[in-house]
Amino acid sequence: MTIALDSHLLSHQANAVVTAANLLERLDLERLDISNRLASDPKRRATLGQFFTPAVVARFMAGMLHLSEIHEELRILDAGGGSGVLTAAAIAEICGRPKRGRPLVVHATVWEVDPRLEEDLVRTLDHCSAVCREAGIRFTGQLHQENFVLAAADRLRGGLFSSKEPRFHVAILNPPYRKLKSDSIERARMSAVGVETTNLYSAFVWLALDLLEDGGELVAITPRSFMNGSYFRPFREVLKRKLSFRRVHVYDARDDAFAGDKVLQENVIFHGVQGGASAEVKITTSFGPGDTGLVERTIVPSELILPHDPQSVLHVVADETDARIARRMRSLPNKLENLGLSVSTGRVVGFRAKERLRTRAGAGDAPLIFSRHFSDGFVLWPKVCGSKPNALTVVGPDDDLLFPTGWYVLVNRFSAKEEKRRIVAALYDPSTVDAEHVAFDNKLNVLHRQGAGLSEELAKGIAVFLNSTLVDAYFRQFSGHTQVNAGDLRSLDFPVAQELESLGRCMDNSMPPQDEINRLVREE
């Protein structure tokens, strides 16, 4: 269903007390009321991926818009409108500018699939109309109560329900966060227009970018998870090709940007121009929306996405210290494959091997290693903890869930919120466990050589290196989520094998001081 709203037809419930200065504060109070109202159905909110934008974030996003080209009629897209606060923020920003820089007409198009928000959105658009009227701008609005992904895909492919409506000058988005199933209607419809991605938030941004005029501006707040990892590579390649980044801002705290909705993500706001000329990119970071002490750095585009990186990973390097770390890490000569090593996830998936799991190892059972067995950089096995498993029954000499005993470097695939480091590595020392084979849980990354163990010195050296402050700081420049994927480890640069072995020899069952790492990793 589509609702057309015209400044001459709106109810004018938004009276004169609503101004560009107080519009967002008023809507923020309404946002809290909406969140409380929808809290009674958390499953529905999770299905829709709803997280409502606080006013302070909305204002910050709208302030990134340049709007350097003055359009007589400015067309704004807000996909996944929620309560409409982002549209309102854009209106407040436009109306607060000098009269010479304002358009004559603003048309806002809002998509929101949840019918429970219709009344709230109409009221927000009513407020926007009142603010525009005070600024001498005619405001019109259109509310689409339908699935944005399906509707946008139809419009882009010129389907039955497409229209000849012009494209947008501005897209301002807080898209829903939810994975898309491979057999979903959204995935099928997106594929028809060349959009290949696995999450709603990247789908919304991709489609919004395609609906922009050349030179149109996009600003969005999303999880930072798209910046690396194989799942989001097609999305990153589209951003690299179609969006000229102007600014990237990272909130370091995982739980601050959407604190009221209990979102545990590192969030990023990025702004750019569709098809715009390459330009310098401003990188800023803060702890959260309430933190006014921004760390700022200006970089060239080739520092954000390395020119010859086949993964098109985004690197957020906020200050000169981070820049030095990046240069030092990139000066290292080896990837894991150059060292003759591989990384793969542990082979034991709990629910699939349920009948083979044992709390205590019996005769012939193999030790089963989980992250809870990590202790001061080593694996401490067994660790009896209630009914949690410690062992796996062996089904024969060719059991494909097992590794032969040996030295292995293990890395947690998921870091806890309270974890000090993103990469948490531990050593499996075969001398501490009397067993011919070992099994690793699927939530661990396992570094191995052709399915077998490493030399003791090399394994120790790699573990020390991965646990270092240097690697942790570098990893945070391109990974903003709680996962450490096998692909992330493959992309890291390492010292030569001899230097890693030297590092391992001085380990002596405890991690060496940071200056030893600094000695091995020199900036060119």
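None of the figures in this text is laboratory data; all of them are computed from the coordinates on show. Small disclaimer: the values here were computed from a predicted structure and weren't measured. So basically every Cβ, Gly included, is an ideal-geometry build from the backbone, and we count neighbours across all protein chains shown.
Observations on the structure shown:
- Spin-label pair Arg330/Ala363, simplified geometry with 7 Å Cα→Cβ offset, distance in nm: 6.0 nm
- With the simple spin-label model, which puts each label point 7 Å out from Cα in the Cβ direction, the Ser502 to Thr19 separation comes to 6.8 nm.
- Rounded to the nearest 20, the size of the Cβ-charge dipole of segment 124-212 about its Cα centre is 100 debye, with Lys and Arg at +1 and Asp and Glu at -1.
- Cut-off 17 Å, label 7 Å out along Cα→Cβ of Thr321, residues of segment 452-485 by amide N: 468-478
- For Leu173, distant residues with modelled amide H under 5 Å away: Val219, Ala220, Ile221
- Size of segment 283-398: Rg and Dmax of its alpha carbons, in Å, are 22.6, 62.
- Among 348-354, 310-316, 299-305, the peptide with the highest mean count of other Cβ atoms within 10 Å heads the list, and the full ranking is 310-316, 299-305, 348-354.
- Directionally averaged projected area (segment 71-115, Cα convex hull): 3.1 nm².
- Sequence-distant residues sharing a close amide H with Gly216 (under 5 Å, placed H): Gln274
- Per-residue ³J(HN,Hα) for segment 206-221, Karplus 6.51 cos²θ - 1.76 cosθ + 1.60, θ = phi - 60°, Hz, x for Gly and Pro: 4, 5, 4, 4, 6, 8, 7, 5, 4, x, x, 9, 10, 9, 9, 10
- Selection from Ala326, His373, Ile283 lying farthest towards where the dipole of segment 278-405 points positive, charges on Cβ: His373
- Phi angles across segment 294-299 convert, under the Karplus curve 6.51 cos²θ - 1.76 cosθ + 1.60 with θ = phi - 60°, into 3J(HN,Hα) values of 6, 9, 10, 8, 10, 10 Hz, Gly and Pro given as x.
- Separation between Cα centres of segment 100-167 and segment 400-471, rounded to whole Å: 52 Å
- Förster radius 22 Å - calculated FRET efficiency between Arg100 and Glu134, Cβ distance, rounded to 0.05: 0.80
- The length gained on full extension between Asn442 and Ser455, counted as 0.36 nm times the residue separation minus their Cα-Cα distance, comes to 2.4 nm.
- For segment 384-446, the percent of C-alpha pairs falling in each 5 Å distance bin, counted from 0 to the bin holding the largest distance, reads 4, 14, 21, 23, 21, 11, 4, 1, 0.
- Dipole orientation for segment 325-457: of the candidates Leu444, Trp407, Pro397, Leu444 has the Cα lying most toward the positive pole (charges on Cβ; Lys, Arg +1; Asp, Glu -1).
- Ordering of 463-471, 385-393 by packing [mean C-beta count within 10 Å, highest first]: 463-471, 385-393
- Efficiency of FRET from Cβ geometry, Asp399 and Glu296, R₀ 60 Å, rounded to 0.05: 0.65
- 14 Å cut-off, amide nitrogen to a point 7 angstrom out along Phe287 Cα→Cβ, residues in segment 218-253: 251-253
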